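Only one structure is covered here, and it is reproduced in the block below.
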Amino acid sequence: MLRPRRLRWISLAAAAVILAINAFAGLTLSGTTSNGGTLFPADRWAVAGTGVFFAALALVPWRLRVEVDAEYVRVRNLLGDHTVAWALVDRVRFDRRALWASLELTNGEPLPLFAVQVIDGDEAVTAVRRLRQLHAAGRAQSGGPDPDSIGQTPPAPK
């Protein structure tokens with residue numbers, strides 16, 4: 001199973017900061033508003049609750065993952081889950097300027113792999129190499145063309 005490493009820790013730190021700031025604001029909130037309105041205890045709870053909501057949003061990167069086996073790739077991104085057979089994957093891409101890896105499907109659509117991010121450095125490169133190995137094995141098992149031979153001239157018949 002592949003997961004983003006650094007992004008998860010960054011999001012955890014961001015969630016802690018958001019929660020701490022809103023908890024402090026909620027505890028110290030008192031007095032009146034600028035137009036003379038009175039602040040009630042429910043206003044304190046609302047500020048703290050807002051912090052809980054935004055801290056939970058900051059933890060969304062913990063959802064990201066890619067699970068692979070010989071036949072399928074299961075991708076969990078920010079908003080959706082996808083299960084794709086290796087036979088429907090044209091190639092695994094991780095371009096130099098890309099922030100994350102992606103699968104190029106046989107219908108031409110890309111499927112981003114947010115769990116494999118450039119910020120993870122060598123771990124991301126290792127993950128992409130492993131995905132490419134599994135892709136080649138999955139394509140060979142399903143009888144699809146070898147991804148390394150695409151675009152090459154087939155051998156002459158004898």
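The values are calculated or read from the model by the stated rules, or taken from the named source; none is laboratory data. Treat the numbers as computed from the prediction; the structure is a model and nothing was measured. Glycine also receives a Cβ, built like all others from the backbone with ideal geometry; neighbour counts cover every protein chain displayed. The accessibility values were calculated without ligands, DNA or RNA, using every heavy atom of the protein model including side chains. Shrake-Rupley method; radii C 1.70, N 1.55, O 1.52, S 1.80 Å.
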Taking first residues from the stretch 92-109 that are farther than 16 Å from ASN77 by Cβ and second residues anywhere that are open to solvent by 30 Å² or more (accessible area, probe 1.4 Å), the pairs with Cβ under 7 Å that are 6 or more apart or on different chains are THR106/LEU88; THR106/ASP90
Within the stretch 71-91, does at least one residue satisfy the condition of being of a type in the set (Phe, Trp, Tyr), within 14 Å of MET1 (Cβ to Cβ) and open to solvent by 80 Å² or more (accessible area, probe 1.4 Å)? yes
Among the residues of the stretch 97-131, the number that are part of a strand (DSSP E or B), aliphatic (A, V, I, L, M) and more than 23 Å from VAL60 (Cα to Cα) is 1
Given the conditions (1) in contact with a Ser or Thr (Cβ under 8 Å, 6 or more places away or on another chain); (2) modelled with pLDDT of 95 or more, every one holds for PHE54 apart from (1)
Note on the stretch 95-108: residues under 19 Å from ALA136 (Cα atoms) and exposed (fewer than 11 other Cβ atoms within 10 Å of the Cβ) are ASP95, ASN107, GLY108
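To keep it simple, each residue is scored yes or no on (1) touching a helix residue (DSSP H, G or I) at 6+ places or on another chain (Cβ under 9 Å); (2) farther than 30 Å from ARG129 by Cβ.
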| position | (1), (2) |
| --- | --- |
| SER11 | yes, no |
| ALA16 | yes, yes |
| GLY26 | yes, yes |
| ALA42 | no, yes |
| VAL52 | yes, yes |
| GLY80 | no, no |
| THR83 | no, no |
Checked the stretch 78-110 for anything β-branched (Val, Ile, Thr) and within 17 Å of THR126 (Cβ to Cβ); matches are VAL92
Checked the stretch 110-125 for anything of a type in the set (Asp, Glu), open to solvent by 50 Å² or more (accessible area, probe 1.4 Å) and touching a residue at least 24 places away in the same chain (Cβ under 8 Å); matches are GLU123
Take the conditions modelled with pLDDT under 90, in a helix (DSSP H, G or I) and loosely packed, with under 14 Cβ neighbours inside 10 Å and apply them to LEU27. Does it pass? yes
- Item | Meets criteria (in contact (Cβ under 8 Å) with a residue 24 or more places away in the chain and in contact with a His (Cβ under 7 Å, 6 or more places away or on another chain)) for VAL68 | no
